[in-house]
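A short worksheet on the structure shown next.
The values are calculated or read from the model by the stated rules, or taken from the named source; none is laboratory data. On a predicted model such as this, the values are computed, not experimentally measured, just so you know. Glycine gets a Cβ as well: all are built from the backbone with ideal geometry, and neighbour counts include every protein chain shown. Calculation scope for accessible area: heavy atoms of the full protein, side chains included, ligands and nucleic acids excluded. Shrake-Rupley method; radii C 1.70, N 1.55, O 1.52, S 1.80 Å.
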Amino acid sequence: MSSTKYRSHSASEVNESLVDQTVTIAGWIDRLRNHGGVAFVDIRDASGLIQVVIYDENVARPLHSEDVLQVTGVVRKRPEGEENADILTGTIEIVADTVTVLSNSATLPFQVSTELENKGELDLPNEDLRLKYRYLDLRRPSMHANLLTRSNMSKAARAVLDNLGFTEVETPTLIKSTPEGARDFLVPARLVPGSWYALPQSPQLLKQLLMVGGVERYYQLARCYRDEDFRADRQPEFTQFDMEMAYVGQEDIMKVAEQVIQAVWKSAGYEVTLPINRISWTDAMNYYGSDKPDLRFDNKLVDLTDFFANTPFRVFQQQYVGAVVYKGGASLPRRQFDAWQEWARQRGAKGLAYITFKDGELRGPVAKNISEEERAGIMDAVHAEDGDAVFFAAGKKRSSQELLGAVRVEIAKRQGLLDPHEFAFTWVVDFPLFKQANDPDDDDVAVGHSQWTSEHHPFTMPSEEWLDTFDTDPEHAMSDSYDIVCNGNEIGGGSVRIHRDDIQKRVFNVLGITQEEANEKFGFLLEAFKYGAPPHAGLAFGWDRCAQLLTATDSIREVIAFPKSGGGKDPLTLAPAPITDLQRKETGVDYQPDDDEE
Ligand code: ASP
């Protein structure tokens, strides 16, 4: 019931069954039409709109858009022909008896009217202004709907895990660093001058300690903090739906995670069929040029390295040559192919070689440079037909595949194949355990000091067949880790964890983390493993991304109540902000060790 001190009903609860009865409602003035003698006022609360009719000129005159009103009056049917089919309460109205202004509103910096939004006539300002006045932006029903979807997701996920005997545990946010491949946000510890807490990049180590502590099944909606360089659609703080289980292997945790996905998607009205498909990391890279492939459409990459093994074309004399077909692309005008070159350069590639195949003829720069034999066979080799275009990439395998993977998605986008209301899930499994630490295309921070860093994080278990050899052949070692991918987004990931200190030490060793350093950074974890650590595994969902997918919005900022804008700034509170001299002194941010010696 919405009946409170201020109202008998919410706007949407007022319906035809209340005709001739007196009700009290409260809300903002969404729209005001004063016809002299009679004023129509649409009142908006979180539930929707209702029309109030005011016959008293003196009452109506001072009212202003977005004032907060309390109205008591009698419900009546609207006169014939005056109904509004766009709103739930469109066949009735309230004839005001008493109108109380609970709070006045100044003129808004931009409009938020539901009525205008419903008609598609709302002119939204730029995002910085929306964020500066986020509390106004949130008055729009579409923003409410996003927050509601998110709230329903969390309820659904909690219900699944509660049923399975999980315990929700809050882990601290003032902690020692957890390496997830980013920089830590640091907080000065006033009481221990010169010492700092880190904000968790994830609850990883703490949830592992909970397993050693016998919790067995843990989950948490956890806030995580990563101090990364600005990239579109990343937030310095974000939410994970984080879980961990003891005495389980990869299959067990995947099964639970699938149930969570099914329930969460259902909470927003979508059916997900289980089990979710799996693809190995290697196949994902080979076929889709991405470790988070968008499988709403097919169009696999074709490996042409063997086909071009003896090519006279210098550009293709490389470690890898691959291609992706643009169905029907041959009829695109030349300037579009020029635009594709620019597109590729913006992604850091040199360009994008292509061939078109039309009326039995090959055209485009590549066609001229390859051999007669290659010309004869190329269309069959890539499974292209007359009317298609083919894009090529040649060079280092991983980066060329990634370029083609991006081309594949861009083609699908231009062909209108990316329906935001269709969801294609896949597990990506069989990840490498390590990756090169100094890859210039990768902005992860290496966790140690060797040429290797963790593909996932340093607590990931090598897969069973690599247990003896992962440290002698780190390049090829595989891990027991898994990502869950939806429509080209990694929406979650996890792994089986190392629960033995000997294996953990060997992994640190490969990463170039010395014994002292390991003890200094993770001594507490290694120590915990000495006292009987059950085998355990877990996973975390990126909750903001899941919410974005389920609301079909184009940024995670649309599903976060108060997000940061570019560069990690908050246009509303103006954080981050300088601190005072006194705060500097008290928190000891300028503390030097010699300050003690006096
Ligand atoms: N802690 C991991 C992450 O943040 C998730 C996991 O392995 O459970 O990516």
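Points worth noting:
- Assuming charge only on the beta carbon of Lys and Arg (+1) and of Asp and Glu (-1), the dipole of the chain about its Cα centre is about 1020 debye to the nearest 20.
- With contacts taken as Cα pairs under 8 Å at a separation of at least 6 residues, segment 85-242 carries a relative contact order of 15 percent.
- Tensor-based shape of segment 309-384 (alpha-carbon gyration tensor, a/c under 1.5 rounded, otherwise prolate or oblate): oblate
- Antiparallel beta bridges, as assigned by DSSP with both residues in the chain, represent about 95 percent of the total such bridges.
- Rel. contact order, % - alpha carbon contacts under 8 angstrom, at least six apart, segment 515-594: 11 percent
- Sequence-distant contacts, meaning Cα pairs under 8 Å at least 6 residues apart, place the relative contact order of the chain at 14 percent.
- For segment 327-386 and segment 417-442, distance of Cα centres in Å: 27 Å
- Helix-derived mean residue ellipticity, 222 nm - over the chain, DSSP H n ≥ 4, -39500 (n - 2.57), to 500: -8000 deg cm²/dmol
- Residue-normalised accessible area of the chain, expressed per residue, 1.4 Å probe, Å²: 49 Å²
- Protein accessible area in the chain, 1.4 Å probe - carbon and sulfur %: 48 percent
- At full extension, GLU373 and LEU88 could sit 95.7 nm farther apart than now, given 0.36 nm per residue minus the alpha carbon distance.
- Spatially proximal aspartates and glutamates relative to LYS266 (Cα-Cα < 20 Å; intrachain offsets below 8 disregarded): ASP162, ASP242, GLU258, ASP419, GLU422, GLU490, ASP544
- What the phi angles of segment 577-587 give under the Karplus curve with 6.51, -1.76 and 1.60, with θ = phi - 60°, is a coupling list of 10, x, 10, 7, 4, 5, 4, 4, 5, 5, 7 Hz, glycine and proline written as x.
- Kirkwood Rh and Cα Rg combined as Rg/Rh, the chain: 1.05
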